[in-house]
Amino acid sequence: MTDQALVELAFTMLDRSYVPYSRFPVGAALLCADGTVFTGCNVENAAYGSTICAERTALVKAVSEGHRDDFVRLAVVGRGEDYCWPCGACRQMLYEFAPNLTVLVARGDGQFVTLPLKELLPHGFGPASLT
Ligand code: THU
């Protein structure tokens, strides 16, 4: 799948976001080496801290379906004027499974930037840090 197609898929998830509190939909699409894609959206909660971000929704869907070490690209998109940068918690969760991931970050007009997760989370703490 092309980067453009992955970003477009992430955009289709915006309508599934459950965002009654922030009114800020986010969509994600996580590509595996075998071509499988797991999508996600943010799902908020009246207890605000229980909210899950779009990227982590996609990631936990993938891991719960047996994917762990084959993530190659993640697209994250929003409708805003600025790029929809992944939050710190999502960067950390992704780093656990895919320190070499490439991240595509889009803004509402469809423009996106491509950068390594390691640039978004330099000197990350991962499984190897515990040895
Ligand atoms: N959000 C995401 O889905 N991903 C991020 O990386 C940043 C924030 C969501 C969480 C919340 O539902 C809304 O955006 C506003 O913070």
- request: Just grab the label-to-label distance for L130 and D69, each label 7 Å out from Cα along the Cβ direction, in nm (one decimal).
  value: 1.5
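For a Förster distance of 22 Å, can you work out the FRET efficiency between the beta-carbons of Q92 and V19, rounded to the nearest 0.05? Display every interim value, and only then the final one.
Values: r = 22 Å, r/R0 = 1.01.
Once the sixth-power term is evaluated, E becomes 0.50.
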- prompt: Which longest uninterrupted range of the chain lacks any GluC sites (Glu not before Pro) assigned by DSSP to a loop state (not H, G, I, E or B) and surrounded by at most 14 other Cβ atoms within 10 Å?
  reply: 1-64
- line: Beyond 18 Å, the calculated P(r) of the chain holds a percent of Cα-Cα pairs equal to 49
field: Simple Cβ-charge dipole of the chain, Lys/Arg +1 and Asp/Glu -1, about Cα centre, in debye nearest 20
entry: 240
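No value in this document is a laboratory result; all are computed from the given coordinates. The shown structure was predicted, so the numbers you read here are calculated from the model rather than taken from an experiment. Reconstructed Cβ throughout: ideal geometry from the backbone, glycine too, with neighbour counts over all protein chains shown.
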